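So the structure is just underneath, and the comments pick up after that.
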Amino acid sequence: MMNKKGVSAVVATVLIILITIAAVTIIWSAIIPLIQNNIAGTGDCLIVSGQISINEGSSCINKGNNESEGNITIGVHRGPGNFELTAIVAKIITSEGNSYSYTITNVSQLTINGDRAFTLNNSSFGIGLTEFNKTVKINVAPKVKIGAQSKECDPVREALIANCA
C-alpha cells in the first residue's frame with residue numbers, strides 16, 4: 001500500500017493568504033510611488049490656472065508686410081494667488097489648425113494682481129510671415145516652480161486675436 005500524504009486544508013488556506021498578502025504588498029509598493037509622483041503638483045496647477053488669464057483688451061496681432069514687422073502682443077493678467085511663476089508658454093493657433101509655441105521667461109514683472117503685455121515677433125515662434133499672418137487664436141500656459149522643479153500647467157482658455165489698431 002502506498003503512503004499518500006496531502007496538505008491539510010488549514011495549511012493550504014494559510015499559504016493562499018500569505019501569497020495574497022505578499023502579492024498585494026509588492027503591487028502596492030510599486031503603485032503608490034507612481035500615483036504620488038503623478039499627483040504631486042496637480043493641486044498647484046489648478047490654483048495657478050485659475051490665476052493666469054489672457055487680457056483680450058491688450059492682445060492683438062500686427063500682420064506685417066515683411067519678415068521684421070509681424071508681431072503679436074499678448075496681454076496676461078495674474079490674479080492674487082501666491083505661487084512662483086517661472087515662465088509662460090505662449091501658443092498661437094493658425095486658421096489651418098497649426099500651432100506654434102514660445103516660452104516667455106521674463107515674467108518677473110508680472111506681479112500679483114498685475115497685468116503685463118508681452119510683444120513677440122513671428123521669428124520668436126520660428127515661423128515665416130505667411131504662416132504667422134494666418135494666426136487666429138492664442139493661449140498661454142503658466143510654468144510654476146513646484147519643489148525644485150518647474151512644471152508646465154495646462155493652457156488657459158484660448159482667445160481670438162484681433163488686428164492691432
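The values are calculated or read from the model by the stated rules, or taken from the named source; none is laboratory data. None of the values given here were measured: they were computed from a predicted structure. Quick reminder, even Gly has a Cβ in these numbers, built from the backbone with ideal geometry, and neighbours come from all protein chains shown.
Is it the case, given these coordinates, that ARG157 is in a strand (DSSP E or B) and touching a strand residue (DSSP E or B) at 6+ places or on another chain (Cβ under 9 Å)?
no
Just need a number here: residues in the stretch 97-140 that are part of a loop (DSSP other than H, G, I, E, B) and out of contact with any Gly (no Cβ under 8 Å at 6 or more places or on another chain).
The number of residues fulfilling the criteria is 14.
Looking only at the stretch 93-121, count how many residues are in contact (Cβ under 8 Å) with a residue 40 or more places away in the chain and either under 17 Å from LEU160 (Cα atoms) or among the acidic types (Asp, Glu) (or both).
Adding up the residues that qualify gives 8.
State all residues of the stretch 68-92 that are under 22 Å from ALA148 (Cα atoms), among the polar types (S, T, N, Q) and either touching a residue at least 40 places away in the same chain (Cβ under 8 Å) or not assigned by TED's automatic domain parsing to the domain that holds THR135 (or both); if no residue qualifies, say none.
Hit for the stretch 68-92 is THR86, nothing else.
I need the full set of residues from the stretch 116-165 which are small (Gly, Ala, Ser) and crowded, with 19+ Cβ neighbours inside 10 Å, in order please.
Of the residues in the stretch 116-165, the ones small (Gly, Ala, Ser) are 117, 123-124, 126, 128, 141, 147-148, 150, 159, 162, 165.
Listed by number, the residues that qualify are SER124, ALA141.
Scan the stretch 64-123 residue by residue and report those that are more than 14 Å from ILE52 (Cα to Cα) and among the basic types (Lys, Arg).
Scanning the stretch 64-123 gives a single hit, LYS91.
Do you know which of the residues in the stretch 74-124 that are of a type in the set (Gly, Ala, Ser) and under 15 Å from the mean Cα position of the chain (by Cα) is farthest from LYS63 (Cα to Cα)? Walk me through it before giving the result.
Within the stretch 74-124, the first condition is being of a type in the set (Gly, Ala, Ser), and the residues that meet it are 75, 79, 81, 87, 90, 95, 97, 99, 101, 108, 114, 117, 123-124.
Retained after the next criterion (residues that are under 15 Å from the mean Cα position of the chain (by Cα)): 87, 90, 101.
Working: ALA87: 25, ALA90: 17, SER101: 17 Å.
Result: ALA87.
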